[in-house]
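Below: one structure, written as structure tokens.
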Amino acid sequence: MIYRTAILSTFDAYLETGGDTAEEQADQQRERQEIVRDFPFAVMLELAFPELDFANRWCWKKFGPANGECSQRYSEYPACTIDLPHCHVGAWAEHWFVKTDYDFGFNEWYFSQPADYEAFLRFVPSIDWGENYPK
């Protein structure tokens, strides 16, 4: 059995969850607008934490490091081996929005290049919980 719970979603679907207060949603909206300025091609998913880590590892292998503060030291499938706080400059980014259930919620990936965005969309149906979970 393969654990696969990731589904395509939208920023509007995140807003409708009510998981954040109106003020938190406004902050999220501002932060998202800042990211989209540099990475205009966005894909929102609802997914489990292992799927988030699995997808991020795939992005690292395909596109290089994510832009911004590195959170790989907390990942179940780390792509970066540096265990200290640090940042990277990259051609993609990702942002966690809200937890909607136990280890499940909204995350959005952002790409600077349309080809990378398209590659990620093709990869979405393959996102699963990864090799750490029995099949």
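The values are calculated or read from the model by the stated rules, or taken from the named source; none is laboratory data. Note that the structure is predicted; figures quoted are calculated from it, not measured. Ideal geometry is used to build each Cβ from the backbone, glycine not excepted, and the neighbour counts take in all protein chains shown.
Remarks
- Count - residues of the range 32-84 that are of a type in the set (S, T, N, Q) and within 11 Å of Glu94 (Cα to Cα): 3
- Ala115 small (Gly, Ala, Ser), at pLDDT 95 or above and out of contact with any strand residue (DSSP E or B) (no Cβ under 7 Å at 6 or more places or on another chain): yes
- Subset tally (residues that are touching a helix residue (DSSP H, G or I) at 6+ places or on another chain (Cβ under 7 Å) and in a helix (DSSP H, G or I)) for the range 121-135: 1
- Filtering the range 1-31 to residues that are within 19 Å of the chain's Cα centre (by Cα) and on the phi > 0 side of the Ramachandran plot leaves nothing.
- Residues located in the range 99-135, provided they are of a type in the set (Gly, Ala, Ser), within 15 Å of the chain's Cα centre (by Cα) and under 23 Å from Gln33 (Cα atoms): Gly105, Ser112, Ala119
- The residue list Ala55, Ala91, Ala119, Ala48 contains one member that is among the small types (Gly, Ala, Ser) and closer than 25 Å to Thr21 by Cβ, which is Ala48.
- Any chance Gly68 is among the small types (Gly, Ala, Ser), in contact (Cβ under 8 Å) with a residue 24 or more places away in the chain, on the phi > 0 side of the Ramachandran plot and surrounded by 12 or more Cβ atoms within 10 Å (Cβ to Cβ): yes
- Residues (over 26 Å from Trp129 (Cα atoms), among the polar types (S, T, N, Q) and either touching a strand residue (DSSP E or B) at 6+ places or on another chain (Cβ under 7 Å) or modelled with pLDDT of 90 or more (or both)) located in the range 1-27: Gln25
- Close pairs from the range 1-29: first over 22 Å from Ala42 (Cβ atoms), partner hydroxyl-bearing (Ser, Thr, Tyr) and surrounded by 12 or more Cβ atoms within 10 Å (Cβ to Cβ), Cβ under 7 Å, at least 6 apart: Tyr3/Tyr133
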